[in-house]
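Step one of this worksheet: look at the structure below.
No lab work stands behind these numbers, since they all come straight from the coordinates. Since the model is a prediction, treat every value here as computed from it, not as a measurement. Cβ atoms come from the backbone with ideal geometry, glycine included; neighbour counts cover every protein chain shown.
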Amino acid sequence: MSGKKSNLPALTGIVILFLFIIFLENIRSFIPGLPMIFDPMSPLFTVLKKAAVYSLVAVSMNLLNGFTGLFSLGQAGFMLLGAYTYAILTVPSAMKDQVYYLFGGCAFQFSLVDFFQGIFGSAGAGYAVGLILSCLIAIILAGVVAGFFAFLIGFPVLRLKSDYLAIATLGFAEILRAIFQWQTLGPVTNGANMIKGFPTFTSFNITGAGGQVVLRLSTFVPFLITTVCIAIIVLLINSSYGRAFKSIRDDEIAAEAMGIRLFTHKMLSFVISSFFAGVGGAMFAMYVANAQAKAFTSTMTYEILLIVVIGGIGSVSGSVLATFLYVACSEWWLRFLDSEQYIGSFKVPLLRNGFRMVVFSVVIMIIVLFFSQGIMGNREIDLNAIFTGKKRKSGSQGK
Amino acid sequence: MEYVISVLLSGISVGGQYALIAIGYTLVYGILRLINFAHGDVFMVAGLMGIYFTAVLPISLSLPLVIILTVLLGFTIERVAYKPLRDAPRMSVMISAIGVSYLLQNTATYVTGGQPMTYPTIPFLSGTVNVAGTQTKWVVILTPILVLTLVVLLSLLINRTKVGMAMRAVSKDFETSRLMGIRINSVISVTFIIGSALAAVGSVLFFTNYPAITPMAGAMPGLKAFVAAVFGGIGSIPGAVIGAFIIGICETIIKGLPSSWDVSVFSDAFTFALLILILVFKPQGLFGEAATDKV
Amino acid sequence: MDNKAKKNALHIENVTMQFGGVVSVNNLSIDVPEHDIIALIGPNGAGKTTAFNCITGVYKPTNGLIEFMGSPMVRSYPSGKDRKSYKGENADKYRGESVLNPTPDEITKLGIARTFQNIRLWNSMTVFENVLTAKHMRAKQNVFSAIFRGNRSEEKRMREETMELLKEQGLDAYKDENATSLPYGLQRRLEIARALATDPKLLLLDEPAAGMNPQETLELADFVQEIREKYDLTVFLIEHHMDLVMNISDFIYVIDFGSEIARGKPDEVQSNQKVIEAYLGVGEDE
């Protein structure tokens, strides 16, 4: 980053990517004869949405683990906070009695969606503005809540050394999960049951007067949010603070001797990473259309950690690339391993439910053991170079 | 009163089972400075093997077989997943351990089809006995006795034998021991073998008390056992055992509190709260030694 | 004692560092007058680096006072359990005064920068980034202005200053190379450049000539004198080798087993019987 170089090609490239995503999701309404893969319900779009959500979480984890050298395993806990914050703030009041029926309604009657509909109206453009604003504010607050908890947790745990930090953050995530499943808090968290009925990615599809979808934006929205968030993280990494983070990772004692306040900078990285994990959690809730504590287990954190490792610890573009590959393999390309397959009349052995994940874990172990640099090591894909050189790239090339 | 006794008894027994896993963690951490995230899953696999073997073989044959194969598994994991990374950063080894854990869980899901498996009734262990007016299973009485016996044997091994001396040397100073001609790799293998064997014994006792094994069944006991090891002072075997008993008893008490208090959901979270408290206030644990970094 | 007219940049008084039952530094008192080059020498294991670590905040001394630019910076006395096991002198001299125990970064901010005996460069960064990162401490930006590039002029200034510093040290040709791929001598030089980037008033050099050949050592001597003039620095250095020290030091302190055994001008120290014994190991077995 010399500073003089223009970022225009990268920006143009991202805009083109966005347009391409929108085009892709709507293409079947213009040309109905296209293969099923272009159907908005096809695995392609599931993969794109989920990968968009996961790539933000992976990058946020990389900021902490890869760039600051803090081995934290609390990501799922912060996602949980984000998901619940988003859900609780946006479930419309009308839905609350139904969602919280076990607890005789919700103790928290406020809903951002209702609030903005009260201002902008509940139909047409006013509805759209209200929806966008309420989701935007809820997502930001999701990040703020996660960041604030990270700040509180940071005081005890950031003084710990590598593996103790890992196990302590993992422990905090488990404690949070227990608290959110606690029946006593049911009127707010709905206990162990899921919260649903809030705006999801699908809510952003533009519908016509008869209720039919005119323009699908449900894949574009997660791409947009993730891109903005990752762009902010990249700007941070390339700033003076980013360099300070890296110096802590490389040699803590030297960093401190050069006047870099360890605790402050570790805290900063921890809070920012958790903020974006919270945003990722809110988006995860939008993606699965519910918020439930039991989804945010340590297995989820491990999964994200493995994605970061596959992409290369210390590479943002590596994390993004790895997320798309990982999600595509697990949700789509390797699905066939889970059901019986025949080549001619020959039944391929071993294939049945669960085999995909076995193959997957073996591949991950091979990467961990023999390609510890991951796909990118600590290098980055230069978007400017890509978009000035060859133009079009597939969807997985997002920033 | 009877209720209190039965809660205490089962607390001690759960604690004993955690202790058997915790020793594996504490030994490995003492030598490799590695949180062996896969250890809990080795324990789970031992449980599954118990189910599959007792289905076809008599118990007297299948239990030793389980122990042998678990030892083999632990040994193989160390050789394949940790040994190549001996000089890599600590984070890489820990990631490798998480990878192994992921692999074991997914393989278990594949083999069992994701269904919870019922652990066989082992005649003697599942039999009931009357203690101070409460009916309880034999396993509850036997666990602490077995644990204490094994700990005494292990302490003898570590303090009286040549292998034990090598283990102590390696845990004090890895590099110097290597230079002094201690065969590091065999010492580490022995550590994993002991840890896995104890996990196998632990799995028999633990799952006898539980209705079913799922592929995730090892993760939580594993983490708790690790917390117990940290609590007692990582690297110290008596510390791990005492830590495990404390955690087991506290957890059973929390689970046994009146349901109107609605706190049983915190039985797992409590362990982690304890972990964070000990890390903040006494990071070396109850019996551990403080370490300093050289500048 | 002709240093008296000058103000002291660093004043160390009765500093004792005890680890468990081992006294590493015993009742050490040193004055480093402004603009001088002062050396602390002694055989291996004499406690030199420990003394440095006390000054830079890595260790909290068990007892003693360290003043920087005339004001107290570190102050400590043994209390409680440490008081009972304390083997040093002046145990109660500082009792009752406030304990001062700043962290290393706070001390660097006051204007003391250091290098390390075993080079500690940031190994994933280039030569340029190593120096640039050390400028982070003095930057006025906050995290928001840094992310959203509200600090362009400051960032530009930092980069220009870094470039200037590298040019002066003759490192500009290597600016995009990985720091740890440099030859050993240049790595030492880069560590000094990085320390200078924090705008220090006092530079602490921990065995700067370790691992250098005589030619490089000679160059280093010139270099240290050069930067002292250019940046108006005070230099306090630890050395194991006598040649460099005799060449450039204004005043020398010699310690062995944690205690001072001699002090004086280079030629005085050179002919001191105790120093010769310490270095040749007469009567002692090291």
- Item | Exercise: per-residue mean of other protein chain Cβ atoms within 10 Å, A:183-190 | 1
- Task: If a/c stays under 1.5 just call it rounded; otherwise compare a/b with b/c (prolate if a/b is bigger, oblate if not). Do that for chain A, with a ≥ b ≥ c from the square roots of the Cα gyration tensor eigenvalues.
- Result: rounded
- Query: Relative contact order (percent) for the stretch B:138-211, with alpha-carbon contacts under 8 angstrom and 6 or more residues of separation?
  - Reply: 28
- Average beta-carbon neighbours from other chains, 10 Å sphere, peptide B:81-94: 3
- Apply the membrane-span-like helix rule to chain A: whole DSSP H runs, Cα extent along the own long axis of at least 30 Å, mean Kyte-Doolittle hydropathy at least -1.0. List the helices found. A:8-30, A:124-157, A:262-288
- Query: With each run of n ≥ 4 DSSP H residues scored as -39500 (n - 2.57), what mean residue ellipticity at 222 nm is computed for chain B after dividing by its residue count and rounding to the nearest 500 deg cm²/dmol?
  - Reply: -24000 deg cm²/dmol
- Query: Once both axes come from the Cα atoms, what is the angle between helix C:152-168 and the longest principal axis of chain C, in degrees from 0 to 90, rounded to 10?
  - Reply: 60
- Karplus-derived HN-Hα couplings along the stretch B:147-163 (A = 6.51, B = -1.76, C = 1.60, θ = phi - 60°), whole Hz, x at Gly and Pro: 4, 5, 4, 5, 5, 4, 4, 5, 4, 4, 4, 6, 8, 10, 9, 5, 4
- Please state the relative contact order of chain A as a whole percent: Cα pairs under 8 Å, 6+ residues apart? 29
- Task: Give the long-range amide H neighbours of C:Arg114: residues separated by 5 or more places, or on another chain, with amide H under 5 Å away, using H modelled in the peptide plane at 1.01 Å from N.
- Result: C:Leu204
- Item | Within straight-line cross-link reach of B:Lys172, lysines at Cα separation under 17 Å, skipping those fewer than 8 residues along the same chain | B:Lys162, B:Lys294
- Message: Please enumerate, by chain and number, the lysines with C-alpha under 22 Å from the C-alpha of C:Lys274, excluding those fewer than 8 residues away in the same chain.
- Response: C:Lys48, C:Lys265
- What order, most packed first, do the peptides C:159-169, B:25-35 have when packing is the mean number of other Cβ atoms within 10 Å of each residue? B:25-35, C:159-169
- Message: Restricting to DSSP loop positions (anything but H, G, I, E, B) with no more than 13 other Cβ atoms inside 10 Å of their own Cβ, which GluC sites (Glu not before Pro) remain in the stretch A:303-370?
- Response: A:Glu340
- Given H placed 1.01 Å from N in the peptide plane, which residues other than close sequence neighbours of C:Ala9 have an amide H under 5 Å from its amide H? C:Val32, C:Glu34
- Could you tally up the Lys pairs in the stretch A:36-397 with alpha carbons closer than 21 Å? Skip any pair fewer than 8 positions apart unless they're on separate chains. 11
- Say a paramagnetic label sat at a point 7 Å from the Cα of C:Ser79, along Cα to Cβ; which residues of the stretch C:47-63 have their backbone N under 18 Å from it? C:60-63
- For chain B, averaging the sequence separation of alpha carbon pairs under 8 Å that lie six or more residues apart and dividing by its residue count, the contact order in percent is 36
- Message: Checking the cross-link filter: which aspartates and glutamates have an alpha carbon closer than 14 Å to that of C:Lys84, excluding same-chain neighbours under 8 positions apart?
- Response: C:Asp92
- With x for Gly and Pro, the residue-by-residue ³J(HN,Hα) of the stretch A:32-39, computed from phi through the Karplus equation 6.51 cos²θ - 1.76 cosθ + 1.60 at θ = phi - 60° and given in whole Hz, is x, x, 5, x, 4, 4, 8, 5
- Query: According to the square roots a ≥ b ≥ c of the eigenvalues of the Cα gyration tensor, what is the shape class of the protein assembly as shown, taking rounded for a/c under 1.5, prolate for a/b larger than b/c otherwise, and oblate for the remainder?
  - Reply: oblate
- Averaged over the residues of C:146-153, the number of partner chain Cβ atoms within 10 Å of each residue's own Cβ comes to 4
- Query: Taking amide H positions as placed 1.01 Å from N in the peptide plane, with prolines and chain starts having none, which residues 5 or more places from B:Val129, or on another chain, fall under 5 Å of its amide H?
  - Reply: B:Thr136, B:Lys137, B:Trp138
- Among A:Gly147, A:Gly33, A:Gly344, determine the one that fluctuates most according to a GNM of chain A built with springs between C-alpha atoms less than 10 Å apart. A:Gly344
- Taking the highest mean first, how do the peptides A:238-249, A:223-234, C:80-91, C:218-229 order by number of other beta carbon atoms within 10 angstrom per residue? A:238-249, A:223-234, C:218-229, C:80-91
- Message: Could you work out the pair-distance distribution P(r) of chain B from its alpha-carbon pairs, with 5 angstrom bin width and percents rounded to whole numbers?
- Response: 1, 6, 11, 16, 19, 17, 14, 8, 5, 2, 1, 0, 0
